[in-house]
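Q: Got a structure for you, written out below as C-alpha cells; questions coming shortly.
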Amino acid sequence: MPANAPVIQVALPRPLRRTFDYAPPEDGPVPMPGARVRVPFGNSSVVGLVTGTSTTSAHELKPVEQTLDAEALLPEDLVDLAHWLAGYYHHPVGDVIKTLLPVKARRGARAVQTEETVWRPVAQVADAEALLRRAPKQRAAFDRLGHLGEVADAELAAHGIDRQAAAALAAKGLVDRIPIAPTYQPRASTIEPTPDQATAVAAIVESLGSATTHLLEGVTGSGKTEVYMRVIAEVLVSGRQALVLVPEIALTPQTTARFTERFGAAATLHSVMTDTQRFDTWLKCASGLHKVLIGTRSAVLTPFADLGVIIVDEEHDGSFKQYEGLRYSARDVAVKRGQALSIPVVLGSATPSLETFENARRGRYRRLRLPERVADTSLPVYRVVDIRGEKLDGGLGAQLQRAISRHLAAGDQVLVFINRRGYAPVLLCSHCAWQAQCDHCDVKLTFHRTPRQLRCHHCGWRRPPPLQCPECGSRELVVVGAGTQRAEETLAARHPDVPLYRIDRDTTRSARRLEASLAAVANGGPAILVGTQMLAKGHHLPGVTLVAVLDADGGFLSPDFRAPERTAQLIVQVAGRAGRGEKPGEVWVQTYDPENPNLRALIESGYAGFADTERTRRAAAFLPPFASLAVVLAESPRESAGMAFLNEVADVLNGDGVELLGPASAPIARRADRYRSQLLLLAHRRRDLHAALDRLDAVDPRRSGVRWSIDVDPLDTS
Ligand code: ADP
Ligand code: ZN
Ligand code: ZN
C-alpha cells in the first residue's frame, strides 16, 4: 500500500471495543465516514460502518469489498454520538452502531425511501367503456375509485380495491398513481394558553438555536402537551424538525392523535412496526421529509436533516432506559444530542426524577413550572386509609368499598390501582408455611385464577397449582394478598351492573384492546377500571372521580434504593387520572404504615416535598444523584464462577476516587437458572468512575460460563 493512502476505520457488529482498519476498495472511491461497507472479516464478509479515516497503519490491510452507500447513511453527528455512547456506557463501538442502525440497514438493504402514493381516476377517457369491457374486477375498482375520488396506496385493501386491478387500470391510462409527501400543515390552536403556559413557551422558544435544557415541571393535567405543540409549531415555521420521546406509544394512542391533528402529519417509531416501516421512517427523518417524529426510547438515535428541538415527555419514566446490550438512557442521550446540535431539550414531567431535579437545582437545567391544572379543574385531594387489623376483601377495605359505591351511585367512574397482576402473589400452606416458589428463580410464584396456574413473573415458567402441600401433604393451601384478578372478582361481585375493565399485561396484549376499553370508559356513565401501572400512563379520563391505591407500602419498602422514588411517581401519576373533568377528584391510599415518612411527605407536601426528603436521604447515603454509580453484573449457571469473575473485576476497578460495594448476590440471586452477582461502583466525580471503568476495557470480554455487563447510571439494581 502506498504511503499516505487512506486507512478506513470500520465498526463491525462484534462485541469488541475497537474499530478495524481496511484499505480503500480496489475499484471505486474511498467510502465516506457514515457509509456502510462490506468487508472481509475472518472467513466471512460483514457489513460494517465507516467511522473515520486516517493515513497510516502499521499493518498490511485488506481492501474494502464493497461500498454500500455513496453518501453517508449515518450523518456525522450520529457517528460522533456513537463514539460518545461507546465511551460513556463502556460498550463496544460496533455494537453501538448496530443499535443505531435499523435492522434492514444492518443487513445491507438499499437506502431508498418508499414513496407514498395515491390512486386517482383520470377524469375523461374517451374509450373507458371499451377498455373495461370483459374486465369486471377492473370495472369494480374503477367505479370504487371514481366514487371515492382518490385512495392512498396503503388504504386500497381497506376500501376493497384489488391492487392488481388498480395497476392494470394505471397501465391502461384510466387511473393515475401520484406520489405524495406527508403534509405538515400546522393548525392554529383553539386553546388560549394560561399565563404559565405562555411563559414556558416563550422561554423555550427564546432558547431555540441554543443548547439549553429545560425542566418543564407541570402537575398532571397542567397542559404540558399544549406547551410542546406550541414550541414545535415555532420550530416548523423555521423549517426545522422536532423529536418527541414518549414512554409508550401503544399505551397512549391519544398523544399521537393530538399531534397528527395539530400538525397535519406526524411520524411514529415504536416497537410494533415492521423492519421495512422502521427503516423507511428512519430514512425520511434523515432526508427531512418527516418534520415531526414521535417515538419511544430508540427514536432518540434517529438521524435528522435539521433537528430543532427534542422533547422528552414523562422524563422520569423507566422505559427510557435500555436494560440490555447498550444500556443507555434515552433522556440523557437526548440532553447530550441537544448539546451537540445546539438545540433546546425539554424534559417534561409531573414527577421529575431526582437526577433532573438536582440538575435544575445546580443551574444546569432551566426550571419552568406549571403548578396548576388548566381549565378550572383542581388537583385531587388525598386521603390516607389505615388498614391495620382490617380484613380486606380482594385487597379492598370496608371504608374504601363504601367510597367506591358512593362514587358509582353518583354516576361517576372509579379507578382501582394495584401494581400486581394475577390473583394473589403467594400460595401458602396454612399447616407448615410452605410457599410456592419458582423452580428456576429465587422468587415466589404468582397465583393466577384465569387460567388456573402458578406463574413466575420473572422467567415465565408456569405450572398447575398443587392440590396438596409438597412439604407436609396438607390440603389446606391458601392464597395470600391480592392482585388485579382478585380485586376484579370482588368488585364484579359487588357491582354486577357496572361495566368493569381490567387493564394489565394479561388482559391487554394489544393496544387496540386498551384503546377500546379506554374509549368505552370515556363515553361516560359509571364504570370501574382495575389495573396495574398501565393505567398511570397519561390517559385523559374525565369521568374518573375516585382513584384508589390499594397497596402503597410494597414499593416504599423494597430494597432497591430507587423504589421510594418510583413508588411516589406512580402514586402521583395514577392519582393524576382523578378529577380531570367537571367534578373534583379524590385519591384514597390504603396503607399498613400510615406514618411512613415517604408517604407522609408525599401526601402533605406533594411530589416536590417528597423529592426534598428523598434528596436528603440520598445525599446522606452517598447515592445518586450525589454519587455516580455503575454496576457490573455477572450471571452464571454456577454461583462461584460469577463471584470469582467479579472479584477479579474488583481488583481492576479499585483505585483513586472510587468506592466498591460487593461483589455480592443480586437482590434476586437466581433468575432463569442463572446465578446473579453484582459489584457496585460509586464515585464522587464522574471522571473517576470512567477512569476505573476504562481499566476494565482491558479485561477479555469472553469468559467461559459467565455472562457479564456494565450498566452506567443503572435504574434497577435488583
Ligand atoms: P398534561 O400533559 O400536563 O397532563 P395535557 O396537555 O394532556 O396535560 O392537558 C390536559 C387537557 O387540558 C387537554 O385536554 C388539553 O387540551 C387541555 N388544555 C391544555 N391547555 C389548556 C388551556 N390553556 N386551556 C384550556 N384547556 C387546555
Ligand atoms: Zn405444608
Ligand atoms: Zn422464574
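Q: Scan the strands (runs of 3 or more DSSP E) fully inside the stretch 265-316 and keep the ones with 1 or more residues being modelled with pLDDT of 95 or more, buried (at least 20 other Cβ atoms within 10 Å of the Cβ) and under 18 Å from the mean Cα position of the chain (by Cα).
A: 292-295, 307-313
Q: Might you let me know whether the stretch 411-423 holds any residue that is surrounded by fewer than 19 Cβ atoms within 10 Å (Cβ to Cβ) and modelled with pLDDT under 95?
A: yes
Q: Going by the structure shown, is residue 454 among the hydrophobic types (A, V, I, L, M, F, W, C), within 16 Å of ligand 1 (Cβ to nearest atom), modelled with pLDDT of 95 or more and in a strand (DSSP E or B)?
A: When the stated conditions are applied, residue 454 does not pass them.
Q: Just wondering, is there one or more residues in the stretch 375-388 that are within 16 Å of ligand 3 (Cβ to nearest atom) and either hydrophobic (A, V, I, L, M, F, W, C) or surrounded by fewer than 19 Cβ atoms within 10 Å (Cβ to Cβ) (or both)?
A: No - not one qualifying residue is present in the stretch 375-388.
Q: Related question: I'd like to know if the stretch 378-391 contains one or more residues that are among the hydroxyl-bearing types (Ser, Thr, Tyr), more than 16 Å from ligand 1 (Cβ to nearest atom) and more than 24 Å from residue 535 (Cα to Cα).
A: Looking for residues that are among the hydroxyl-bearing types (Ser, Thr, Tyr), more than 16 Å from ligand 1 (Cβ to nearest atom) and more than 24 Å from residue 535 (Cα to Cα), one finds none in the stretch 378-391, hence no.
Q: Going through 629, 623 one at a time, which residue ends up being part of a loop (DSSP other than H, G, I, E, B), closer than 30 Å to residue 648 by Cβ, out of contact with any Gly (no Cβ under 9 Å at 6 or more places or on another chain) and not hydroxyl-bearing (Ser, Thr, Tyr)? Spell out the reasoning first.
A: Values: 629 fails: part of a loop (DSSP other than H, G, I, E, B).
The unique qualifying residue is 623.
Each row is one residue, and each column tells you yes or no for (1) away from ligand 3 (no atom under 16 Å from the Cβ); (2) out of contact with any helix residue (DSSP H, G or I) (no Cβ under 7 Å at 6 or more places or on another chain).
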position	(1), (2)
399	yes, yes
435	no, yes
445	no, yes
450	yes, no
459	no, yes
466	yes, yes
479	yes, yes
489	yes, yes
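Q: When the stretch 1-56 is examined, which residues are found to be charged (D, E, K, R) and in contact with an Asp or Glu (Cβ under 6 Å, 6 or more places away or on another chain)?
A: Within the stretch 1-56, 17, 36, 38 meet the criteria.
Q: Right, another one. I want to confirm something. Restricting to the stretch 382-397 and keeping residues that are in contact with a helix residue (DSSP H, G or I) (Cβ under 8 Å, 6 or more places away or on another chain) and in a loop (DSSP other than H, G, I, E, B), which single residue is modelled with the lowest pLDDT?
A: Per the stated criteria, the residue is 390.
Q: Related question: For the stretch 442-451, which residues satisfy the criterion of being under 28 Å from residue 637 (Cβ atoms) and either within 16 Å of ligand 1 (Cβ to nearest atom) or in a loop (DSSP other than H, G, I, E, B) (or both)?
A: 442, 443, 445
Q: Which one is farthest from the chain's Cα centre (by Cα) among residues in the stretch 421-442 that are closer than 18 Å to residue 669 by Cα and within 16 Å of ligand 2 (Cβ to nearest atom)?
A: 435
Q: How many of the residues making up the stretch 576-605 are under 16 Å from residue 555 (Cα atoms) and either within 16 Å of ligand 3 (Cβ to nearest atom) or of a type in the set (A, V, I, L, M) (or both)?
A: Counting residues in the stretch 576-605 that are under 16 Å from residue 555 (Cα atoms) and either within 16 Å of ligand 3 (Cβ to nearest atom) or of a type in the set (A, V, I, L, M) (or both) gives 5.
Q: Can you pull out the residues in the stretch 122-146 that are farther than 13 Å from residue 168 by Cβ and assigned to a helix (DSSP H, G or I)?
A: 128, 129, 130, 143, 144, 146
Q: Looking for whichever is in a helix (DSSP H, G or I) and either free of Cβ contacts under 8 Å to residues at least 40 places away in the same chain or at positive phi (or both) here; the options are 260, 199, 225. Which one fits?
A: 260
Q: Which one is farthest from residue 646 (Cα to Cα) among residues in the stretch 656-686 that are touching a strand residue (DSSP E or B) at 6+ places or on another chain (Cβ under 7 Å) and not in a strand (DSSP E or B)?
A: Going through the qualifying residues, I end up with 686.
Q: Would you say residue 498 is within 16 Å of ligand 2 (Cβ to nearest atom) and either β-branched (Val, Ile, Thr) or under 26 Å from residue 396 (Cβ atoms) (or both)?
A: no
Q: Restricting the first residue to the stretch 421-446 and requiring it to be over 20 Å from residue 489 (Cα atoms) and of a type in the set (Asp, Glu), which pairs with a second residue that is part of a loop (DSSP other than H, G, I, E, B) and within 16 Å of ligand 1 (Cβ to nearest atom) meet a Cβ separation below 8 Å and a spacing of at least six or different chains?
A: The qualifying pairs do not exist here.
Q: Right, another one. Report yes if residue 373 is modelled with pLDDT of 90 or more and of a type outside the set (S, T, N, Q), otherwise no. Full working, then the answer.
A: Details: modelled with pLDDT of 90 or more: no; of a type outside the set (S, T, N, Q): yes.
Against the criterion (modelled with pLDDT of 90 or more and of a type outside the set (S, T, N, Q)), residue 373 does not qualify.
Q: Right, another one. When you scan the stretch 14-51, how many residues do you find that are over 30 Å from the mean Cα position of the chain (by Cα) and of a type in the set (Gly, Ala, Ser)?
A: 5
Q: Starting from the stretch 617-632, keep only residues that are under 14 Å from residue 359 (Cα atoms), then list their pairs with residues that are of a type outside the set (Phe, Trp, Tyr) and surrounded by 17 or more Cβ atoms within 10 Å (Cβ to Cβ) whose Cβ atoms are within a distance under 6 Å, requiring at least 6 positions of separation or different chains.
A: That search, which allows pairs on different chains as well, returns 625/354; 625/355; 625/358; 626/618; 627/682; 628/683; 628/689.
Q: When you check residue 407 against the structure, is it over 30 Å from residue 545 (Cα atoms) and not in a strand (DSSP E or B), yes or no?
A: no
Q: Among the numbered criteria (1) touching a strand residue (DSSP E or B) at 6+ places or on another chain (Cβ under 7 Å); (2) closer than 21 Å to residue 587 by Cα, which one does residue 524 miss?
A: Against the list (1) touching a strand residue (DSSP E or B) at 6+ places or on another chain (Cβ under 7 Å); (2) closer than 21 Å to residue 587 by Cα, residue 524 comes up short only on (1).
The values are calculated or read from the model by the stated rules, or taken from the named source; none is laboratory data. These figures come from a predicted structure and were not determined experimentally. Reconstructed Cβ throughout: ideal geometry from the backbone, glycine too, with neighbour counts over all protein chains shown.
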